[in-house]
Amino acid sequence: MSAEISIRSSVELPVQREAIDLHTADGLKLVGELATPIGKPPVATLITLHPLPTHGGFMDSHILRKASNRLPELAEIAVLRFNTRGTESPHGKSQGSFGEGVTEQHDVEAAIEFAKSRNLPNLWLVGWSFGTELALKYGHDKDIVGAILLSPPLHRANDDDLDQWAGNHRNLIALVPEHDDYLRPDQARERFSRIPHIDIVGVDGAKHLWVGENATKRVLDEIVLRVNPSRYPLPDSWTPASA
């Protein structure tokens, strides 16, 4: 009989991993990875956009890494991660240099086009911090189901960007930590009031970096609730199939 495994920290469940290259319209090659379920097609796809690379954000930032470790097996969700231009992680360094959230438009578009070329289903952008700015600025007119924003700071995304989402059929969800360093739930409700259909989830006790297993579990649960609700909530343990 297989032993039950507690799902915590960096536990990696069965997953098919593929190193990928993304090619941007302005001629750069970006380093990435596609994680998919083993032996079955995914029902949905997360295109993840990492935190600010000049402050340590990259495709291996912990929430995104844990999503790739858990969600293919537990929720039949594919997870595409990549380093935006000029960003380096243990997976390698993408070409180019940091574009202040402007030239990264090409990076977002390259990731979406790659997912479409693979016929991956039900595309969602999942941005964290700086990544939420990219999702807000460049996702409103793309072939996606919607976007999920983790700790949106609303530094680079302005009111004109938000107005692009008003009346938009694409879903928009924001997970806002109670103790966020940049934008807290009440502030988020005011700033995002331009988008009537946005679902703002204030997360009690959480901080910008979502440190700790409780915070990680809450984020991944909220993602699964929107993307594949039949697998919500995620389990706290997993038992390998018997050989």
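When you look at Ser237, is it farther than 27 Å from Val15 by Cβ, surrounded by fewer than 20 Cβ atoms within 10 Å (Cβ to Cβ), of a type in the set (S, T, N, Q) and modelled with pLDDT of 95 or more, yes or no? Taking the combined requirement at face value, the residue does not satisfy it. Look at (1) within 22 Å of Thr216 (Cβ to Cβ); (2) under 14 Å from the mean Cα position of the chain (by Cα) and you find that Ala75 fails only one, number (2).
When the range 144-178 is filtered for residues that are surrounded by fewer than 16 Cβ atoms within 10 Å (Cβ to Cβ) and either among the aliphatic types (A, V, I, L, M) or within 14 Å of Ser129 (Cα to Cα) (or both), the ones remaining, listed by number, are His155, Ala166. Of all the residues that make up the range 66-80, how many are farther than 10 Å from Val43 by Cα and assigned to a helix (DSSP H, G or I)? Matching residues across the range 66-80 total 8. Determine whether the range 83-91 contains at least one residue that is more than 18 Å from Thr36 (Cβ to Cβ), in a helix (DSSP H, G or I) and either out of contact with any helix residue (DSSP H, G or I) (no Cβ under 7 Å at 6 or more places or on another chain) or of a type in the set (Asp, Glu) (or both). Within the range 83-91, none of the residues are more than 18 Å from Thr36 (Cβ to Cβ), in a helix (DSSP H, G or I) and either out of contact with any helix residue (DSSP H, G or I) (no Cβ under 7 Å at 6 or more places or on another chain) or of a type in the set (Asp, Glu) (or both).
Report yes if Asp180 is in a loop (DSSP other than H, G, I, E, B), at pLDDT 95 or above and acidic (Asp, Glu), otherwise no. Spelling it out, Asp180 is indeed in a loop (DSSP other than H, G, I, E, B), at pLDDT 95 or above and acidic (Asp, Glu). Annotation: of all residues in the range 44-72 being crowded, with 21+ Cβ neighbours inside 10 Å and of a type in the set (Ser, Thr, Tyr), the one that is nearest to the chain's Cα centre (by Cα) is Thr48. When every residue of the range 212-226 is checked against the conditions, none turns out to be surrounded by 15 or more Cβ atoms within 10 Å (Cβ to Cβ) and outside any helix (DSSP H, G or I).
Those residues that are within 19 Å of Glu33 (Cα to Cα) and either surrounded by 20 or more Cβ atoms within 10 Å (Cβ to Cβ) or under 15 Å from the mean Cα position of the chain (by Cα) (or both), I need them from the range 121-133; list them, please. Of everything in the range 121-133, those that are within 19 Å of Glu33 (Cα to Cα) and either surrounded by 20 or more Cβ atoms within 10 Å (Cβ to Cβ) or under 15 Å from the mean Cα position of the chain (by Cα) (or both) turn out to be Asn122, Leu123, Trp124, Leu125, Val126, Gly127, Trp128, Gly131.
The values are calculated or read from the model by the stated rules, or taken from the named source; none is laboratory data. Remember, it's a predicted structure, so these values are computed and weren't measured experimentally. Reconstructed Cβ throughout: ideal geometry from the backbone, glycine too, with neighbour counts over all protein chains shown.
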